[in-house]
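J.: Sharing a structure below in structure tokens format, with a few things to ask.
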């Protein structure tokens, strides 16, 4: 009776490793990432990232002749913390299955690992938006403990009675609702109550919203009327639309400022990597994919939500 020794099987196994890695990465790359259209994607070299806000200066005051000027100062702003989480999944194949049908087993198994690696960051990132009306929990600490979307964002150092602001609406997507959202973003104050004048750049929602997005934004005339009025949204704003498949509220819609004006962040501590091993006792093959990342927001300005 012959015996299959480990070194015999090992040669066979390691000859297949490059092919397995190719299948995993080929599948992973077939699904273009969507979260990077919403979040600033950054690399991290630490176990966690702290983002500390800075409250800038207020308005200039008047100065009469021979009067001393008024001095202002910076204040520490809200702090957010991103602690990276490890995400991993493995697949184990028996020696017998690998010997009898190696290409079929690894094609299916490696492809499934690649798809799982595609879904994970999308779901985690989308949940920042999906759960945006509640205080985030877990390894991400939001600034001031506030939700991303609320009608009462605090502005403790604001002037002229400005002490809070809303970036949350409840209107269905319509001409009236979009106009109100754009006006809201035009009036967002900074931490001292000064107007920031954000530039809306992206309108996004679940795939179910793409039809009405297109009808209202890109019709040649004013949507929903037979009058020969122009489409003001098309003339005044250059909004791009985006369907994010991982959003769970099917009639919610969101406005996002251009990159650099919002504070949605996604940190990669370790991009997804694959590894392989052989179980000495059983002869089984093991494949795994592992990555580390975190995401959240360091401020609410630059994004608006309407959740009917």
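The values are calculated or read from the model by the stated rules, or taken from the named source; none is laboratory data. The shown structure was predicted, so the numbers you read here are calculated from the model rather than taken from an experiment. Quick reminder, even Gly has a Cβ in these numbers, built from the backbone with ideal geometry, and neighbours come from all protein chains shown.
J.: Kindly provide the set of residues from region 177-211 that are over 23 Å from the mean Cα position of the chain (by Cα) and under 22 Å from residue 34 (Cβ atoms), ordered by number.
T.: none
J.: Looking at (1) buried (at least 19 other Cβ atoms within 10 Å of the Cβ); (2) not in a strand (DSSP E or B), which is the one condition that is false for residue 204?
T.: Against the list (1) buried (at least 19 other Cβ atoms within 10 Å of the Cβ); (2) not in a strand (DSSP E or B), residue 204 comes up short only on (2).
J.: Moving on to the next point. Tell me yes or no: at least one residue of region 15-26 is part of a helix (DSSP H, G or I), within 30 Å of residue 255 (Cα to Cα) and modelled with pLDDT under 90. Quick ask: steps written out before the conclusion?
T.: The initial filter retains those residues of region 15-26 that are part of a helix (DSSP H, G or I), namely 17-26.
This time we only want the ones that are within 30 Å of residue 255 (Cα to Cα), so: none.
No, every residue in region 15-26 fails to be part of a helix (DSSP H, G or I), within 30 Å of residue 255 (Cα to Cα) and modelled with pLDDT under 90.
J.: Mind checking which residues of region 277-294 are modelled with pLDDT of 85 or more and either closer than 27 Å to residue 173 by Cα or crowded, with 21+ Cβ neighbours inside 10 Å (or both)?
T.: Answer for region 277-294, where residues must be modelled with pLDDT of 85 or more and either closer than 27 Å to residue 173 by Cα or crowded, with 21+ Cβ neighbours inside 10 Å (or both): 289, 293, 294.
J.: Residue 33 - would you say it is part of a loop (DSSP other than H, G, I, E, B) and modelled with pLDDT of 80 or more? Full working, then the answer.
T.: On the way: part of a loop (DSSP other than H, G, I, E, B): yes; modelled with pLDDT of 80 or more: yes.
Answer is yes for this residue.
J.: OK, next. Only one of 272, 297 is within 13 Å of the chain's Cα centre (by Cα) and crowded, with 21+ Cβ neighbours inside 10 Å; which? Let's see the steps before the verdict.
T.: Values: 272 fails: within 13 Å of the chain's Cα centre (by Cα).
Exactly one of 272, 297 is within 13 Å of the chain's Cα centre (by Cα) and crowded, with 21+ Cβ neighbours inside 10 Å, namely 297.
J.: Return yes or no: is residue 170 at pLDDT 95 or above and in contact with a helix residue (DSSP H, G or I) (Cβ under 8 Å, 6 or more places away or on another chain)? Break it down stepwise before answering.
T.: Numbers: at pLDDT 95 or above: yes; in contact with a helix residue (DSSP H, G or I) (Cβ under 8 Å, 6 or more places away or on another chain): no.
Spelling it out, it is not the case that residue 170 is at pLDDT 95 or above and in contact with a helix residue (DSSP H, G or I) (Cβ under 8 Å, 6 or more places away or on another chain).
J.: Follow-up question, since we're still on this one. Which of the residues belonging to region 238-269 are part of a loop (DSSP other than H, G, I, E, B), crowded, with 17+ Cβ neighbours inside 10 Å and either at positive phi or in contact with a helix residue (DSSP H, G or I) (Cβ under 9 Å, 6 or more places away or on another chain) (or both)? Explain how you work it out, then say what you get.
T.: First, the residues of region 238-269 that are part of a loop (DSSP other than H, G, I, E, B): 238-239, 244-252, 258-263.
From the residues that got through so far, the ones that are crowded, with 17+ Cβ neighbours inside 10 Å too are 239, 244, 246-247, 249, 252, 261-263.
The answer is 239, 244, 246, 247, 249, 252, 263.
J.: Hey, could you check region 89-113 for residues that are buried (at least 19 other Cβ atoms within 10 Å of the Cβ) and at pLDDT 80 or above and say which is farthest from residue 274 (Cα to Cα)?
T.: So, considering only residues that are buried (at least 19 other Cβ atoms within 10 Å of the Cβ) and at pLDDT 80 or above, the one farthest from residue 274 (Cα to Cα) is 91.
J.: Sticking with this structure for a sec: Scan region 169-201 for residues that are within 18 Å of residue 307 (Cβ to Cβ) and buried (at least 18 other Cβ atoms within 10 Å of the Cβ) and jot them down.
T.: Hits for region 169-201 are 169, 173, 178, 181, 182, 184, 185, 200.
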